[in-house]
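The values are calculated or read from the model by the stated rules, or taken from the named source; none is laboratory data. Every value quoted in this text rests on a predicted model; they were computed, and no experiment measured them. Positions of Cβ are generated from backbone atoms using ideal geometry, with glycine treated the same way; all protein chains shown enter the neighbour counts.
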Amino acid sequence: MPHDRSTVDRDLLRAAADGDRRAVARILEPELDRVHAVCHRMVGRGDVARDLAQDTLVKAIRGLPEFDGRSAIGTWITRIAMNTCLSWLRSQKRAARRDEAVVVRESTGNDGEHTAAWSVQWEERRRSVASAMIQLSPEHRAVLVLRDVRGLEYEQIAEVLEVAPGTVKSRLFRARAALRDAVEAI
């Protein structure tokens, strides 16, 4: 029986908390791609993103008994993913090199409407933005990924990052300015 992703059925949560693997799969499976995408955009390295996504899911499974359902399951799991990625980023002594750039958006490729020159320009621009994203602080990167890539609303971002909505708006403003400056410097 399908369930609304914004709220998870209490019986399904209870079954998952009691160790029912099918219930856990029904709750987490729809979130797998999003978790990996968030991790990849935050850390920029596929191997690390896979590990962090796996860590996120393990934490989510362990945390299911404490999930109270006040927020959407996707928001809760995204918060776990963001916190996992931010912890990893903070543990690194140096920022990743430009060749380990974050993929902000996948190129749509040449679909016949664009010239080869346009495709080259698009790829250069994508790489510039990806390199610039690596230079941002983890907090700025997080707010940009959540708003501009995931498309979350300010209130949802505030919930994920555990800050006030006003803080989200100011961080987003500063993050966009920092990204713009970093792209121009490249």
(request) Please verify whether segment 8-17 includes one or more residues that are at pLDDT below 85, closer than 24 Å to residue 151 by Cα and not assigned by TED's automatic domain parsing to the domain that holds residue 155. (result) yes
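Scan 179, 161, 152, 136 and give me the residue that is more than 18 Å from residue 83 (Cα to Cα) and among the aliphatic types (A, V, I, L, M). Reasoning before the result, please.
Values: 161 fails: more than 18 Å from residue 83 (Cα to Cα); 152 fails: more than 18 Å from residue 83 (Cα to Cα); 136 fails: more than 18 Å from residue 83 (Cα to Cα).
Among 179, 161, 152, 136, only 179 is more than 18 Å from residue 83 (Cα to Cα) and among the aliphatic types (A, V, I, L, M).
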(request) Could you list, in sequence order, all residues of segment 72-113 that are at pLDDT 55 or above and more than 17 Å from the chain's Cα centre (by Cα)? (result) 91, 92
(request) Could you tell me whether residue 53 is crowded, with 20+ Cβ neighbours inside 10 Å, touching a residue at least 40 places away in the same chain (Cβ under 8 Å) and either part of a helix (DSSP H, G or I) or more than 14 Å from the chain's Cα centre (by Cα) (or both)? (result) no
(message) Can you tell me how many residues within segment 135-147 are in a helix (DSSP H, G or I) and surrounded by 19 or more Cβ atoms within 10 Å (Cβ to Cβ)?
(response) 9
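Regarding residue 41, is this residue out of contact with any Asp or Glu (no Cβ under 6 Å at 6 or more places or on another chain), surrounded by 19 or more Cβ atoms within 10 Å (Cβ to Cβ) and among the basic types (Lys, Arg)? Show your work before the answer.
Values: out of contact with any Asp or Glu (no Cβ under 6 Å at 6 or more places or on another chain): yes; surrounded by 19 or more Cβ atoms within 10 Å (Cβ to Cβ): yes; among the basic types (Lys, Arg): yes.
Answer is yes for this residue.
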(request) Taking residue 28 as the residue in question, decide whether it is assigned to a helix (DSSP H, G or I), hydrophobic (A, V, I, L, M, F, W, C) and modelled with pLDDT under 85. (result) no
(request) Identify the residue in segment 149-179 that is touching a Lys or Arg at 6+ places or on another chain (Cβ under 8 Å) and of a type in the set (Asp, Glu) and, among all such residues, is surrounded by the most Cβ atoms within 10 Å (Cβ to Cβ). (result) 159
